[in-house]
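This report concerns only the one structure given below.
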Amino acid sequence: MDIKIQGGKSIKGEVETHGAKNCVTKELVASLLTSSECVLENVPDIIDVSLTLDMITALGGKVERKDRSCVVRTSNIKLMKRSEIDSFSGKSRVPILLCGPLLARLGEVFVPSLGGCNIGPRPIDFHINALKSLGAIVEENEDGLYLKADGLMGAKIALDYPSVGATEQVLLSSVLAKGKTVLSNAAVEPEIIDLVSLLQKMGAEISVDTDRQITIVGVEKLHGYRHVAMPDRLEAVSWACAAIATGGEVLVKDARQKDMITFLNKYRQIGGGFEVRDNGIKFWRETDIVKPVFIETDVHPGFMTDWQQPFVVVLTQADGVSIVHETVYENRFGFTETLNKMGAKIQLYRDCLGGMSCRFGQRNYLHSAVIVGRTPLKAGKIVVPDLRAGFSYIIAALIAKGVSQIQNINIIERGYEDFVGKLTSLGVDVCS
Ligand code: EPU
């Protein structure tokens, strides 16, 4: 699907944000750990949530959605049919997290090849190694992974890098395992802490210790939950960037300051203004010009890799040279080619520019960017390659004078609820 955006106008108004995509999907998967009823509130209406619910339904679960609430009952679950499994292939990264719950409930699971954003190789070796450590037998073939286990056993697991997905994998697999699991070098993103809180409500015994260590003592049975998912800080940041880039003003309802401290500091440094209110955060441009900055993406509490793309678009409008060093993904600057075609001046480097040397430094990855501003952007035809790059192109189209045609907006709908409606409510002329 395509849309056309008339750029060159400031956006003004308010938008609502709901449960975080990267939390809600995993919290819905957690409902498979119990045969009791689970109720998740603040669920956004996005494609990745619908896909997760379709997977639960295909596994025999019953799902009811009413407004922002989602009630899931999985008292009778079964393995999916091959045709059902294939229908989920390549669409999302959520299926890999079915392993723990399904091994606990059914003793076996087949995981189709994964989808998700096209931002580099995205291996799953940490997941497989962790599952093997917990006692799963894993067979890999070209269609996906087949795993079986006669009950998982707690283990000591150390991640080579604090991976969000692998940490969630260990949590969801060890809560019902026999004995104690000690995970070191774990990710501690707020979305993970939200999942830990939910699992604790279900009766799990989990402690988040100092130095990225998480200890899980397996229990025999978990019960249902009622939980309100944390707000989407990635969506909030996307609108904040749109506000400063267009010299506009946006109140992001329900945005939560404590999850965005690092972003807010950088926002202020480049000339962004914000006011933390009881019902959200209001964002605007405080200074006449946007100021250049140095940014290094990192795991929490660092500057999130998912904030990088919308921020880079803002930096094309900064008065001077900015440097962005991406240390989480080796290949997350592909989207800058289109920005350069629109008039930006962004040069990519293989070196670790500006700060620490990261694990990509000695390898052949273009993972640092120098952005020379300020450059006017030209409207044009834009093809969305992945979710966050997609929203960053929306911001570029808002800045550019003229009409931009944006193709593949369904990719943006994977993680942004009704973003076309929200743009319209902020005064943007959008048509299909
Ligand atoms: N990694 C491995 N092996 C693994 C797992 C990860 O080498 O088995 C590497 C990755 O290649 C990457 C790094 O570890 O270089 C971090 O990856 P991580 O596992 O943390 O990412 P993820 O769990 O696959 C989630 C989000 C991403 C977000 C990252 C980092 C979901 C569905 N996705 O991915 O979100 O960028 O954490 O915060 O939760 C998005 O929403 O657009 C998105 C890409």
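A compact table of results
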| item | result |
| --- | --- |
| Cβ-based net charge around Ser75, under 15 Å, with every Lys or Arg adding one and every Asp or Glu removing one | +3 |
| The range 191-282 shape via C-alpha gyration tensor axes, a/c threshold 1.5 | prolate |
| Under 5 Å, built H, 5+ apart or other chain: amide partners of Lys345 | Val372 |
| Pair Val219, Arg363: separation of 7 Å Cα→Cβ label points (nm) | 3.9 nm |
| Solvent accessible area, Å² - Arg226, 1.4 Å probe, full protein context | 150 Å² |
| Proximal lysines to Lys4, defined as alpha-carbon separation beneath 17 angstrom and excluding residues fewer than eight positions away on the same chain | Lys378, Lys381, Lys401, Lys422 |
| Long-range tail of P(r) for the range 124-215 (Cα pairs > 17 Å, %) | 46 percent |
| Cβ-based net charge around Phe303, under 11 Å, with every Lys or Arg adding one and every Asp or Glu removing one | -3 |
| Set of aspartates and glutamates with alpha-carbon distance to Lys221 below 20 Å, sequence-local pairs under 8 removed | Glu27, Glu37, Glu108, Asp150, Glu168, Glu205 |
| Solvent-accessible area, 1.4 Å probe, carbon plus sulfur percent, for the chain | 47 percent |
| For the chain, calculated [θ]222 nm from helices alone, where every DSSP H run of n ≥ 4 adds -39500 (n - 2.57) | -8500 deg cm²/dmol |
| Cα shape, the range 275-359, gyration tensor, a/c 1.5 rule | oblate |
| Cα pair distances exceeding 19 angstrom across the range 330-387, given as percent | 38 percent |
| Three-way shape call for the range 21-228 based on the alpha-carbon gyration tensor, with the a/c threshold at 1.5 | rounded |
| Cα pair count fraction exceeding 23 Å, expressed as % - the range 1-134 | 41 percent |
| Sparsely packed trypsin sites (Lys or Arg not before Pro) within the range 18-95, loop by DSSP, other Cβ within 10 Å at most 14 | Lys78, Lys81 |
| Dipole of the chain [Lys/Arg +1, Asp/Glu -1 at C-beta], most positive-end residue of Leu98, Leu366, Val188 | Leu366 |
| Packing-based ranking, highest mean first, of 404-414, 198-208 given that Cβ atoms within 10 Å are counted | 404-414, 198-208 |
| Where Rh is the Kirkwood radius over Cα pairs, Rg/Rh for the chain | 0.97 |
| Residue-normalised accessible area of the chain, given per residue in Å² at a 1.4 Å probe | 40 Å² |
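The values are calculated or read from the model by the stated rules, or taken from the named source; none is laboratory data. Keep in mind that this is a model prediction, so the values were computed, not measured. Virtual Cβ from ideal backbone geometry, glycine too; neighbours counted across all protein chains shown. Side chains are part of the model used for accessible areas, which takes the heavy atoms of the whole protein and leaves out ligands, DNA and RNA. Shrake-Rupley method; radii C 1.70, N 1.55, O 1.52, S 1.80 Å.
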